[in-house]
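To keep things clear, I will list the structure first and then write my remarks on it.
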Amino acid sequence: MTAPRLEIDLDKIEHNARTLGERLVDRGISVTGVTKAALGSTQIAGALLRGGLSSLGDSRIENIEAMRRAAVPATMMLLRSPMLSQAERVVAHADVSFNTELEVIRELSSAAQEAGRIHGVVLMIELGDLREGIMPGDLEQAVRETLRCPNIALRGIGTNLACRSGVVPDATNMGELSALADSIDATFGPVLEIVSGGNSGNLEWALSGAHPGRVNHLRLGESLLLGCEPLHRQPIDGLHTDAFTLMAEVIESKRKPSRPWGKLAQSAFGELPIPADRGDISQAILALGRQDTDPHGLQAPAGIEILGASSDHLVVESAQEPLSVGDEIRLQPNYSALVRAMTSPFVASAVQGIHSGTPAAGGKVDPLERRA
Ligand SMILES: *Cc1c(COP(=O)(O)O)cnc(C)c1O
């Protein structure tokens with residue numbers, strides 16, 4: 001079978017969506033499933049919807065267009081601020097977009113008028129992580145201007161933490177978001193339906209028993225797909241952490257010294273510490289490299305240690321039996337490794353699960369699609 005390949009278990013993704021969705025609904029919080037790491041895969045989108053989610057979000061309009069073409073039945077949200085140059089595409093394919101610039105909202109408004117559509121807007125607010133967001137002091141004016149735009153429906157406000165600077169979502173910044181929502185509604189009438197607190201980094205806060213205040217929406221990607229929370233990268237109780245497995249094939253296996261010899265300068269990817277001399281080891285090479293994934297985001301099975309990586313080679317040491325050429329090794333990707341593998345044209349994907357469109361019996365993995 002083709003390698004490297006990502007094996008994707010749709011049933012585990014569906015389970016994760018259902019489990020987290022139900023826990024959060026109990027707290028008055030609805031969930032948008034974030035598909036950006038799935039490259040707009042209609043099968044992964046389908047698993048999230050079967051798990052009970054009704055809206056999907058992505059940072060790339062291309063992925064939303066792909067899901068629309070496949071008639072994925074969900075409300076589609078564009079999570080990254082639209083490019084001014086993409087306003088027409090955004091209005092044509094996304095129901096809602098997250099925005100911080102009035103110039104862009106006005107362009108969306110013109111495009112929506114032209115297309116005879118109503119486009120939903122969520123205004124993102126800066127609460128300290130210093131990525132996207134309107135400064136809180138400028139929010140009222142931004143709401144006023146947005147409400148004036150024809151064919152634009154202000155749907156809510158939101159924020160994004162824990163991404164650029166690692167600012168932790170907590171009672172203070174979530175309280176500030178709630179207070180801003182109250183203040184906007186007091187000034188303009190009840191206009192905010194969605195108060196979107198953030199991403200998977202918000203789960204610790206959201207599930208802690210803290211009062212959610214006005215926050216009634218989260219956008220979740222990593223936690224649904226990988227079953228872990230991004231602040232401490234701990235598994236979330238009751239979720240599957242192995243819905244994705246990256247399979248790679250051994251192309252060389254030899255006893256070799258643990259320490260390089262000759263005069264040492266930079267490697268292909270910069271300076272490296274010089275390995276200690278541990279005598280000869282069982283070294284193997286997997287046909288997998290930086291063009292396929294993020295080698296630092298991979299966890300090897302017990303007894304196998306990742307020693308290094310270049311564009312096309314992953315060098316591993318096997319503690320027990322030496323590996324054999326042709327063996328396939330199961331690697332567990334983190335979010336960074338998953339995103340890179342999903343977007344690499346060199347990595348195939350093999351979808352399994354009762355809804356993958358193939359008989360799951362006998363562990364048959366099919367269809368095997370190579371993305372071009
Ligand atoms: C990627 C993204 C998310 C989802 O983040 P996860 O950590 O994967 O849950 C949510 N909101 C925005 C704006 C994003 O860009």
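The values are calculated or read from the model by the stated rules, or taken from the named source; none is laboratory data. For clarity, every value in this text was computed on a predicted model and none was experimentally measured. Counting neighbours? That spans all protein chains shown, and the Cβs are built from the backbone with ideal geometry, glycine included. We work out accessible area using only protein heavy atoms, side chains counted, and drop any ligands, DNA or RNA first. Shrake-Rupley method; radii C 1.70, N 1.55, O 1.52, S 1.80 Å.
Structural remarks
- Count of residues meeting criterion [among the hydrophobic types (A, V, I, L, M, F, W, C), open to solvent by 30 Å² or more (accessible area, probe 1.4 Å) and away from the ligand (no atom under 14 Å from the Cβ)] in the stretch 26-49: 1
- The set of residues in the stretch 230-253 being open to solvent by 60 Å² or more (accessible area, probe 1.4 Å), part of a strand (DSSP E or B), of a type outside the set (Asp, Glu) and in contact (Cβ under 8 Å) with a residue 40 or more places away in the chain consists of ILE251 alone.
- A single entry from ASP294, ASP312 fulfils the requirement of being charged (D, E, K, R), outside the structural domain of PHE98 (by TED's automatic domain parsing) and closer than 30 Å to ASN173 by Cβ: ASP294.
- Of the residues making up the stretch 95-136, those that are open to solvent by less than 10 Å² (accessible area, probe 1.4 Å) and more than 13 Å from the ligand (Cβ to nearest atom) are ILE105, LEU108, SER109, ALA112, HIS119, GLY120, VAL121.
- All strands (runs of 3 or more DSSP E) inside the stretch 310-356 with 1 or more residues being within 16 Å of ASP292 (Cα to Cα) and open to solvent by 60 Å² or more (accessible area, probe 1.4 Å): 328-333
- The number of residues in the stretch 293-309 that are open to solvent by less than 30 Å² (accessible area, probe 1.4 Å) and touching an Asp or Glu at 6+ places or on another chain (Cβ under 7 Å) comes to 0.
- Any hit, the stretch 110-119, residues being in contact (Cβ under 8 Å) with a residue 60 or more places away in the chain and either more than 20 Å from VAL31 (Cα to Cα) or in contact with a Leu (Cβ under 7 Å, 6 or more places away or on another chain) (or both): no
- SER183 among the hydroxyl-bearing types (Ser, Thr, Tyr), away from the ligand (no atom under 16 Å from the Cβ) and in contact (Cβ under 8 Å) with a residue 12 or more places away in the chain: yes
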